[in-house]
Number of protein chains: 2
Amino acid sequence: MTSSLSDVQSPFPEPLAPEPATGEGHRSPTPSLTAAFDPERFHDGALDIVSRLTTYLGDRSVRGLDLLDPAVLLKAARELMTPERQRVADFDADRVNQIVDLYTGTGIPVYSPGYMGRQFSGVVPLASLMDLVGSVVNQPSSFYEAGQLPSVAERLMAEELNRFIGWDRDRFAMVTTSGGSLANLTALLAARNRAFPQIWTRGAGGMSGPPAIAVSEEAHYSVTRAAGVLGIGERQIVRLPVDRAGRIRPDLAGPALDEAHRRGLRLFCLVASAGTTSMGAFDPLEELAAVARRRGLWLHVDGAHGASLLLSDRHRDRLRGIEQADSLTWDAHKMLFMPSPCTLLFYRDGTTARGAFRQRASYVFDEEPDVYSAYDSADKNFECTKRPMIMPLWTVWSVYGPALFAQRIDRLCAMTRQAYRMLAAEPDFAVAHEPESNILCFRYLPDDLEQATAHRLQLEIRNRIRGGGRFFISKVDIDGVAALRVVVMNHLIDADHLAMLIAEIRDIGQRVLRASAATRHDQQRNGSHS
Amino acid sequence: MTSSLSDVQSPFPEPLAPEPATGEGHRSPTPSLTAAFDPERFHDGALDIVSRLTTYLGDRSVRGLDLLDPAVLLKAARELMTPERQRVADFDADRVNQIVDLYTGTGIPVYSPGYMGRQFSGVVPLASLMDLVGSVVNQPSSFYEAGQLPSVAERLMAEELNRFIGWDRDRFAMVTTSGGSLANLTALLAARNRAFPQIWTRGAGGMSGPPAIAVSEEAHYSVTRAAGVLGIGERQIVRLPVDRAGRIRPDLAGPALDEAHRRGLRLFCLVASAGTTSMGAFDPLEELAAVARRRGLWLHVDGAHGASLLLSDRHRDRLRGIEQADSLTWDAHKMLFMPSPCTLLFYRDGTTARGAFRQRASYVFDEEPDVYSAYDSADKNFECTKRPMIMPLWTVWSVYGPALFAQRIDRLCAMTRQAYRMLAAEPDFAVAHEPESNILCFRYLPDDLEQATAHRLQLEIRNRIRGGGRFFISKVDIDGVAALRVVVMNHLIDADHLAMLIAEIRDIGQRVLRASAATRHDQQRNGSHS
């Protein structure tokens, strides 16, 4: 290292002729640019918005979706856009308020007891306030120096939640990432790189047998997608049979894996679900851990929905065996009621977390690790720029403690149980499973309908309920036949709401069946057989 | 389809014995749970936080980083956590305010003119207010029915920005996604799936030649990471040589690709940068498009940083040729000054956007596309639950128009030019390149130092400036030797701030060199040669 630096001092062959330093740099930015960053304008706008959001949060009316024709909404939204293009438009508080009103008035009303359809929910309002702070201070949290408190809060929150998982606190690791799909992909990467470290460098071609993963027939689409993304290939997904409640059957898992092994597949990972999306089913983790261990497989648990049950004394048992898993996806934007997305990915062995990715980039990574970079997460999560998503969760946890989450989870599960009891008591309804958490699937089946008819009936009911605007529920196919699905995500939902929903479904269902009988009758009378 | 549904009505062999519907469902949720969702508590908390943020935004003092020992911060943060575990802790507004103060007081002060170090910035405050609304209404935007306005706003924003790209408006497509890394991965997936559709199903093994991509030596680490993730393998990355300013040399790109082809690599994608991370260099897109077209390669442009220059009449020309690219990554959280992350991924041909992923999931995807599902994006982006990240951008655009962005971009580039002029006029500084946007790399080089000494000197200067707390700048290795790097992301930065920074660097540099000379002198006097 004795060569001189003079040759890297400048890439320009000719000497530079700098202009005098009296140009642009001494002019002020334009007033309209400065005004857009004016703290007082922020303050006044904030008061307007907070007032509107307070009203919004106070509306407890029972309502579902006001589904607008996208073309109509597009036109309304376009009219809210300033036509000014040549200069910065004058600030127009009315325009902002109209946008806010259009925003709060459309989409799923997550705070209404009429909303029972998806796995996201109204958030703990304090979480949103901390989201505002995070948005303003804009400290992306992949590097300690950029986001000091978020980096530390991740460590603290990881410790808190790991008390419920039960891993060795000196060995486990946690990273936050943008959604459950990305967490599942990252865990599969870590598993792949442990089993086949050469793929990162050499690629997946030229291997003696194809890498493969085993998943439940009921696994979330992000898991099977990940196989496509990683170059494993969907054909190398071994589907494990489930029971009628949607849980992997451990007695059939072993033989299925052995059969895959005989076919030359090189299995490296078994993915179990703690709360499937369809029915909220919990795979038997303890038994599956034994199956995985015997075969040297990485056990990843997709607990995006159900990991939160660990916080509840009443429901923790659904995840018995979690301490034997290798990794766990946990969405705080589902049953911890945070703004989306806020996903936590846990590893039992922190050193494997570093195996998911490899990179070199002198502009962000320091040459020599120090006390600061020890808190960096960029080498362990997919994102380079990452929202400080832990802050709303850590703040709510710090202010209210874990009992807030446990109480709400218990309430939601209890009310789902209640829905199950009520539906099971109705002769014209059929529940598809006993609920394990806060998801329940059922069908309106007043008669012994043919499968195709029953399928169409549920779809029609779901769409008419959505169109009716009082409730929002979802649908899912179970054994190839559509079922109605409620996800109880709001503690305000009570038995009266459930009774209203049941009555509405029956009413719609009866009308659909009568209309279709009338059509059949007409067709027969007219001799039509189409 | 004539089989009866009676066999799927219930998975339970025995008849259900429902409990009477008078249990939990008729009890109210606990008062402490209800109180956590109280709109008035939200309102009062919001006023406190807005007041604190207004003060924070008004602080224009010149300051860098107050870098705390993580252990000290960890202790301070832990003390803010309620010890209550058995019941929901009483609400404590002081605790919230202390958390906010700790949050705003740590991390990078992005609104200060002392911050010149990274590619994220203080945000347009209105964007954060819309982020608050989005956080409260919590409408994940991958499906139209969940987030109606965000879905429509994506369409409108795509149209607006595509005016500057110039693609056929009936053919192009845009999706939002959580960060530039994920956008680059998604584009590479779409390219891979177009060239090798069989990989999604069969996996990457057993191909006759390994799939490969070509990237700049200066490409962001997320691009090379993606090769590892997708199973392409780092060895199948063809590195294209760059000139001294960090731009791919198109005259050398063709031969490099032909050589890779002769070695049996099956190239499918060329990745160019519109604004590299290190030096903000813009690859010559027009020439590279010709190179790619001749070889049937997908041209992806990583414009995470620099695509925003399209909005500026003065700087648009840096992206000449963009209309010939196949896909473009554009981070609105960089030069459009949005909260992180807000990334837009554009495709010239919208049908290829659907090629990135394949999935089936009856709980979210409808059987028959309708006018609503035509606005769904979940089949085209990685996430299932996705933050409605478009709303802050669309709102600011709607209220202020494109000129706000163009003016700020022009200001930042002009000020970077100013920094270049000032540094070039200083005999003891060496600029590494002529700035193409708002990134400038340079070294403090008062003497003709050896490379290793020069390298260590820059690192030491960077760390001492960071520790000094008045400025925050970054560093990057160029040709193996560290350089100092400023990213001008704040319109308040003027020539006086730059002069202060230059003086501080010189002062620190001189002290470091004197100290090291004194050490050498001591060692020589003591006869030490270690």
Scan of segment B:191-213 for residues that are in contact with a strand residue (DSSP E or B) (Cβ under 7 Å, 6 or more places away or on another chain) and touching a residue at least 60 places away in the same chain (Cβ under 8 Å), ordered by number: B:Ala191, B:Arg192, B:Arg194, B:Ala195, B:Phe196
Within segment B:409-442, which residues are more than 9 Å from chain A (Cβ to nearest Cβ) and of a type in the set (Phe, Trp, Tyr)? B:Phe429, B:Phe442
Scanning segment A:446-472 residue by residue, those in contact with a helix residue (DSSP H, G or I) (Cβ under 7 Å, 6 or more places away or on another chain) and either assigned by TED's automatic domain parsing to the domain that holds A:Ala307 or open to solvent by less than 10 Å² (accessible area, probe 1.4 Å) (or both) turn out to be A:Ala454, A:Leu457, A:Ile461, A:Ile465, A:Phe471, A:Phe472
Candidates B:Leu129, B:Leu80, filtered to the one that is within 21 Å of the chain's Cα centre (by Cα) and without any contact (Cβ under 8 Å) to a residue 40 or more places away in the chain: B:Leu129
Need a quick list: strands (runs of 3 or more DSSP E) entirely within segment A:211-330 having at least 3 residues that are open to solvent by less than 10 Å² (accessible area, probe 1.4 Å). A:211-216, A:266-273, A:298-302
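Residue-by-condition table, conditions (1) more than 7 Å from chain B (Cβ to nearest Cβ); (2) more than 24 Å from B:Phe405 (Cα to Cα); (3) open to solvent by 50 Å² or more (accessible area, probe 1.4 Å):
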{"site": "A:Val72", "(1), (2), (3)": "yes, yes, yes"}
{"site": "A:Ala77", "(1), (2), (3)": "no, no, no"}
{"site": "A:Met81", "(1), (2), (3)": "no, no, no"}
{"site": "A:Arg87", "(1), (2), (3)": "no, no, yes"}
{"site": "A:Tyr103", "(1), (2), (3)": "no, no, no"}
{"site": "A:Ile108", "(1), (2), (3)": "no, yes, no"}
Somewhere in segment B:360-375, is a residue open to solvent by less than 50 Å² (accessible area, probe 1.4 Å), over 29 Å from B:Val110 (Cα atoms), at pLDDT below 90 and among the aliphatic types (A, V, I, L, M)? yes
Restricting attention to segment B:423-462, the residues that are assigned to a helix (DSSP H, G or I) and in contact with a strand residue (DSSP E or B) (Cβ under 9 Å, 6 or more places away or on another chain) number exactly 12
Scan of segment A:295-340 for residues that are under 28 Å from B:Arg387 (Cα atoms) and out of contact with any helix residue (DSSP H, G or I) (no Cβ under 8 Å at 6 or more places or on another chain), ordered by number: A:His305, A:His333, A:Ser340
Can you find a residue that is in a loop (DSSP other than H, G, I, E, B) and in contact with an Asp or Glu (Cβ under 9 Å, 6 or more places away or on another chain) anywhere in segment A:188-205? yes
Residues of segment A:398-408 being within 7 Å of chain B (Cβ to nearest Cβ) and either free of Cβ contacts under 8 Å to residues at least 24 places away in the same chain or assigned to a helix (DSSP H, G or I) (or both), in sequence order, are A:Ser398, A:Val399, A:Tyr400, A:Gly401, A:Ala403, A:Leu404, A:Gln407, A:Arg408
Going residue by residue through segment B:503-515, is there one that turns out to be of a type in the set (S, T, N, Q) and surrounded by fewer than 16 Cβ atoms within 10 Å (Cβ to Cβ)? yes
Hits in segment B:119-130 - residues which are open to solvent by 10 Å² or more (accessible area, probe 1.4 Å) and facing chain A (nearest Cβ under 7 Å): B:Phe120, B:Leu126
A:Arg318: out of contact with any Pro (no Cβ under 9 Å at 6 or more places or on another chain) and away from chain B (no Cβ under 14 Å), yes or no? yes
Please state which of the following conditions B:Gln458 fails to meet, knowing it meets all the rest: (1) free of Cβ contacts under 8 Å to residues at least 60 places away in the same chain; (2) over 21 Å from B:Leu65 (Cα atoms). (2)
Applying the selection to segment A:141-162, what residues are open to solvent by less than 10 Å² (accessible area, probe 1.4 Å) and either over 16 Å from A:Trp394 (Cβ atoms) or in contact with a Gly (Cβ under 7 Å, 6 or more places away or on another chain) (or both)? A:Ser141, A:Ser142, A:Ala146, A:Gly147, A:Gln148, A:Leu149
Given the condition out of contact with any helix residue (DSSP H, G or I) (no Cβ under 8 Å at 6 or more places or on another chain) and within 28 Å of B:Asp258 (Cβ to Cβ), answer yes or no: does some residue in segment B:349-360 qualify? yes
Looking at the structure I just gave you, is B:Asp302 over 25 Å from B:Asp170 (Cβ atoms) and either within 11 Å of another protein chain (Cβ to nearest Cβ) or touching a Pro at 6+ places or on another chain (Cβ under 8 Å) (or both)? no
B:Val488 versus (1) in contact with a Lys or Arg (Cβ under 9 Å, 6 or more places away or on another chain); (2) open to solvent by 20 Å² or more (accessible area, probe 1.4 Å); (3) of a type outside the set (Lys, Arg); (4) within 30 Å of A:Ala35 (Cβ to Cβ): which is the lone unmet condition? (2)
Going through segment B:55-70 in order, the residues found to be more than 7 Å from chain A (Cβ to nearest Cβ) and free of Cβ contacts under 8 Å to residues at least 40 places away in the same chain are B:Thr55
For A:Tyr347, state whether it is open to solvent by 30 Å² or more (accessible area, probe 1.4 Å) and touching a residue at least 24 places away in the same chain (Cβ under 8 Å). no
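The values are calculated or read from the model by the stated rules, or taken from the named source; none is laboratory data. No experiment lies behind these values; they were computed from the predicted model shown. All Cβ positions, glycine included, derive from the backbone under ideal geometry; neighbour counts span all protein chains shown. What goes into the accessible areas is simple: the full protein's heavy atoms, side chains included, and nothing from ligands, DNA or RNA. Shrake-Rupley method; radii C 1.70, N 1.55, O 1.52, S 1.80 Å.
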